[in-house]
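Undergrad: Take this structure first; my questions come after.
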Number of protein chains: 6
Amino acid sequence: MKAHLSRRYHFPASHRLHLEDASDSENDAIYGKCNNPHGHGHNYTIEVTLSGPVSGKTGMVCDLAALDDFTEKEVLSGLDHMNLNNLSAFAGQVPTTERLCVHVFELYQKFTLARLERVRIEETAKNSFEYTGS
Amino acid sequence: MKAHLSRRYHFPASHRLHLEDASDSENDAIYGKCNNPHGHGHNYTIEVTLSGPVSGKTGMVCDLAALDDFTEKEVLSGLDHMNLNNLSAFAGQVPTTERLCVHVFELYQKFTLARLERVRIEETAKNSFEYTGS
Amino acid sequence: MKAHLSRRYHFPASHRLHLEDASDSENDAIYGKCNNPHGHGHNYTIEVTLSGPVSGKTGMVCDLAALDDFTEKEVLSGLDHMNLNNLSAFAGQVPTTERLCVHVFELYQKFTLARLERVRIEETAKNSFEYTGS
Amino acid sequence: MKAHLSRRYHFPASHRLHLEDASDSENDAIYGKCNNPHGHGHNYTIEVTLSGPVSGKTGMVCDLAALDDFTEKEVLSGLDHMNLNNLSAFAGQVPTTERLCVHVFELYQKFTLARLERVRIEETAKNSFEYTGS
Amino acid sequence: MKAHLSRRYHFPASHRLHLEDASDSENDAIYGKCNNPHGHGHNYTIEVTLSGPVSGKTGMVCDLAALDDFTEKEVLSGLDHMNLNNLSAFAGQVPTTERLCVHVFELYQKFTLARLERVRIEETAKNSFEYTGS
Amino acid sequence: MKAHLSRRYHFPASHRLHLEDASDSENDAIYGKCNNPHGHGHNYTIEVTLSGPVSGKTGMVCDLAALDDFTEKEVLSGLDHMNLNNLSAFAGQVPTTERLCVHVFELYQKFTLARLERVRIEETAKNSFEYTGS
């Protein structure tokens with residue numbers, strides 16, 4: 001018996017979508033209001049989905065306390081209350097939520113207690129992004 | 001790197017579920033309260049899911065402003081604040097939310113900036129429907 | 001010790017906002033899309049708030065099963081899956097959600113197991129209305 | 001044309017996660033606060049997803065009233081306002097939400113009006129589990 | 001300038017509504033399913049509302065970190081993952097959510113950095129209770 | 001008959017909580033992570049509550065299209081996708097959400113079609129602030 005578990009984490013951050021080597025009008029055409037100077041921000045929600053066999057002993061797929069510890073140390077510590085444009089993970093790149101989603105997926109690849117299936121990031125109540133590793 | 005993006009749109013509309021060539025008791029057996037005369041309505045939510053490569057330049061799967069424009073003109077303009085029973089798309093058919101879901105999927109097939117993966121329509125907080133094109 | 005309890009109920013219905021004795025352009029100016037012919041609809045949420053002393057014996061303000069029974073028989077039975085324009089409560093009146101709110105408040109005035117404080121009706125995720133009886 | 005429908009049901013219940021043949025410290029290491037004596041509880045949400053062809057006549061995948069009746073009699077009657085540790089379905093097993101999810105899936109396998117695709121159980125706003133039958 | 005701030009906290013717990021000195025049928029009449037033997041549980045949400053002047057220096061009504069610390073130590077530590085029937089605060093009393101609401105209000109009266117206005121407890125998505133101190 | 005209407009608007013923005021004339025350690029003590037350099041952001045929700053008589057003719061408290069137009073031009077245009085630290089409204093002040101709430105209230109005081117009762121701003125799913133004008 002294999003089950004999936006999904007767990008949600010929340011953090012606020014800011015970003016500005018801006019291509020250094022594009023003109024103001026090109027930036028405006030591509031990013032619209034998201035190109036406003038000085039940046040804006042969001043309450044981001046991460047939903048990470050893991051899978052694995054349901055343990056015959058414990059009845060669980062994965063120790064959630066271990067997942068919370070991993071997320072705190074390896075994922076949220078680098079993102080919570082940050083300006084995404086200043087993170088080394090996005091050096092030379094525009095920190096869109098698509099790229100944030102890929103970045104968070106890659107961070108969770110170091111978590112080994114269950115199989116990583118998917119990372120979804122909700123940017124607003126209207127927008128979400130998913131990445132499954134390829 | 002291929003990512004999925006989902007975007008949500010809201011509109012109110014009304015419908016009545018009623019088969020013209022069935023008896024009152026048959027209509028009641030099939031549709032229950034949804035067969036009440038004069039119709040009822042819902043706040044419908046459309047969640048459209050698209051996929052595509054994350055652009056190396058812009059970091060995006062798809063221009064969301066273009067998706068919003070398309071949705072406004074090609075999808076919402078024909079559904080928002082409408083009585084679904086009066087739409088030509090449902091001529092001779094009972095406008096269930098299953099059929100609304102298929103109809104909205106077909107409208108989005110004309111959107112070419114990313115691959116259409118799925119349309120989900122939430123009819124109430126309890127009910128949702130999905131169609132993936134086949 | 002006096003506490004408040006609030007309980008939420010959901011029902012879908014349809015309405016059309018249209019003044020019989022006004023011109024088309026005046027109706028459009030007042031009601032916009034809500035004046036579209038054939039009507040539209042919503043998933044309405046009622047939140048009724050009651051107050052009263054916390055019973056020293058039962059620890060409760062009010063028997064919720066009694067409230068549910070009352071609501072089913074006296075409130076929802078006349079509204080659920082209905083077209084509000086056809087209800088006698090709104091004869092000769094445009095069934096706006098403001099008026100629906102007042103109507104539901106008046107229905108709950110017959111409930112005698114606790115003091116009626118407020119009725120709130122959520123029409124969409126953006127809009128809500130409240131009435132406190134005067 | 002094949003569509004999916006998902007429908008959500010809610011019930012409160014309690015459980016305690018505790019292995020009879022493990023020491024207190026081992027139980028604490030595995031289950032943390034969920035091992036607290038006397039148990040705790042949750043508002044559980046079941047989301048069941050079914051699929052099938054959209055009927056050319058009725059426009060529906062499945063009769064929702066029949067699904068509601070089945071759910072009431074075969075699923076909720078055994079879970080609603082219960083202590084999961086006392087249910088025969090979990091005899092000799094720790095009633096984790098993973099196991100509850102598998103149990104609910106197996107109950108829905110007796111529903112024959114559409115194809116059972118998935119059962120998801122939301123335990124809290126942060127946690128959910130899914131089972132697809134294998 | 002006086003503003004209100006509200007902050008929300010979540011915890012799961014269990015309870016059984018049962019009067020020791022009432023008959024089974026009387027308990028059933030008063031509490032219904034909430035009287036089921038062995039108890040059930042909920043994901044409770046506390047929303048505490050405080051008020052005070054907006055500090056001319058900091059721009060804040062109250063230090064939220066101090067509120068979180070107080071809540072963790074004085075409120076949640078005694079409720080989180082507990083069976084409410086076993087708490088000394090409810091000795092000899094049925095632990096209804098009305099009483100839980102009064103109890104939590106009394107705990108917050110020891111918080112002195114802002115004026116306590118109201119405690120609301122959401123028991124389910126349908127039910128909430130409020131207490132303002134009298 | 002006087003009713004209240006509440007309408008919700010959403011916008012993302014960024015801010016940094018930082019007192020220029022305080023030391024780093026003092027800023028950290030007061031604002032914690034909200035003092036992180038380069039700022040962070042939120043999806044803010046404004047809920048504005050207005051009251052007035054229910055018009056005997058239209059059945060409405062206030063023209064919602066007029067409220068939407070006012071909000072777009074007078075409120076959101078100055079806040080949407082902005083860095084609040086750069087706004088003239090907060091010159092020399094730390095742009096806390098308490099102050100944002102007072103600022104938005106003052107902007108709505110120019111709206112004359114109904115009585116302004118309250119502005120609530122939700123900063124995250126855990127935090128909200130309210131201001132009623134004094």
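Derivation of every value follows stated rules applied to the coordinates shown; laboratory data play no part. None of the values given here were measured: they were computed from a predicted structure. Cβ coordinates were reconstructed from backbone atoms using ideal geometry, including for glycine residues, and neighbour counts include every protein chain displayed.
Undergrad: Quick one: work out the % antiparallel among DSSP beta bridges in chain B, nearest 5.
TA: Here the share of antiparallel DSSP bridges comes out near 95 percent.
Undergrad: Put a point 7 Å out from Cα along the line to Cβ at residue B:20; what are the distances to that point in the other copies, in nm, shortest first?
TA: Its label point is 2.9, 6.6, 6.6, 7.1, 7.3 nm from the equivalent points in the other copies.
Undergrad: Let me ask another. Which FRET efficiency value, to the nearest 0.05, is calculated for residue B:26 and residue B:72 with the Förster distance at 41 angstrom and r the Cβ-Cβ distance?
TA: So, using R0 = 41 Å, E works out to roughly 0.55.
Undergrad: Which whole-number percentage describes the relative contact order of chain C, with Cα contacts under 8 Å and a sequence gap of 6 or more?
TA: Relative contact order for chain C comes out at 31 percent.
Undergrad: Step through the residues of region B:112-125 one at a time and calculate ³J(HN,Hα) from phi using the Karplus curve (6.51 cos²θ - 1.76 cosθ + 1.60, θ = phi - 60°), rounding each to whole Hz and writing x for Gly and Pro.
TA: My calculation for region B:112-125 gives 10, 7, 7, 7, 6, 9, 6, 10, 10, 10, 9, 8, 9, 5 Hz in order.
Undergrad: Can you list the distances in nanometres, one decimal and ascending, from the residue E:32 label point to the identical position in each other copy, with the point 7 Å along Cα to Cβ?
TA: 1.8, 3.4, 3.9, 3.9, 4.6
Undergrad: Taking springs between alpha-carbon atoms closer than 10 angstrom, which of B:28, B:68, B:80 fluctuates most in the Gaussian network model of chain B?
TA: It is B:28.
Undergrad: If the limit is 27 Å between Cα atoms, which of B:126/F:73; D:57/E:126; D:126/E:126; A:2/E:73; B:33/D:126; B:126/D:73 go over it?
TA: Too far apart for the 27 Å limit: B:126/F:73; D:57/E:126; A:2/E:73; B:33/D:126.
Undergrad: Can you list, largest first and rounded to whole Å, the semi-axes you get for chain A by taking the square root of 5 times each eigenvalue of its Cα gyration tensor?
TA: Numbers: eigenvalues 218, 36, 30 Å².
Three semi-axes, in Å: 33, 13, 12.
Undergrad: Once region C:28-103 is represented by equal point scatterers at the alpha-carbon sites, with solvent omitted, what log10 I(q)/I(0) does the Debye formula produce at q = 0.11, 0.14, 0.18, 0.19 Å⁻¹?
TA: Computed log10 I(q)/I(0) values: -0.43, -0.62, -0.86, -0.92.
Undergrad: If you don't mind, another one. Run through region E:18-99 and list the GluC sites (Glu not before Pro) located in a DSSP loop whose Cβ has at most 13 other Cβ atoms within 10 Å.
TA: Sparse-neighbourhood loop GluC sites (Glu not before Pro): E:20.
Undergrad: When you take every Cα atom in region B:67-134, what is the radius of gyration, and what is Dmax, the widest Cα pair distance, in Å?
TA: Over region B:67-134's Cα set, Rg and Dmax evaluate to 12.1, 33 Å.
Undergrad: Let me ask another. Report, to two decimal places, the Cα Rg of region B:5-50 normalised by 2.2 N^0.38 Å (N = number of residues). Could you put the intermediate results ahead of the total?
TA: On the way: Rg = 14.8 Å, N = 46, 2.2 N^0.38 = 9.4 Å.
After normalising by residue count via 2.2 N^0.38 Å, the value is 1.57.
Undergrad: Non-local amide H neighbours of residue A:3 (under 5 Å, H modeled in plane, Pro and chain starts lacking H): which ones?
TA: A:52, A:54
Undergrad: Return the loop-located trypsin sites (Lys or Arg not before Pro) in region D:32-103 (DSSP other than H, G, I, E, B) with at most 12 other Cβ atoms within 10 Å of their own Cβ; answer none if there are none.
TA: Those satisfying the criteria are D:57.
Undergrad: Find every distance from the label point of residue D:110 to the corresponding label point in the other copies (7 Å from Cα along Cα→Cβ) and write them in nm, one decimal, shortest first.
TA: Shortest to longest, the spacings are 4.0, 4.9, 4.9, 5.1, 6.6 nm.
Undergrad: Taking the Cα atoms of the protein assembly as shown, report the difference between the largest and smallest coordinate on each principal axis, in whole Å and largest first.
TA: So the extents along the principal axes, rounded to whole Å, are 74, 73, 55.
Undergrad: Using just the helices of chain C, give the 222 nm mean residue ellipticity in deg cm²/dmol: DSSP H runs with n ≥ 4 each add -39,500 (n - 2.57), and the total is spread over all residues, rounded to 500.
TA: Values: 3 runs with 27 residues, N = 134.
Rounded to the nearest 500, the figure is -5500 deg cm²/dmol.
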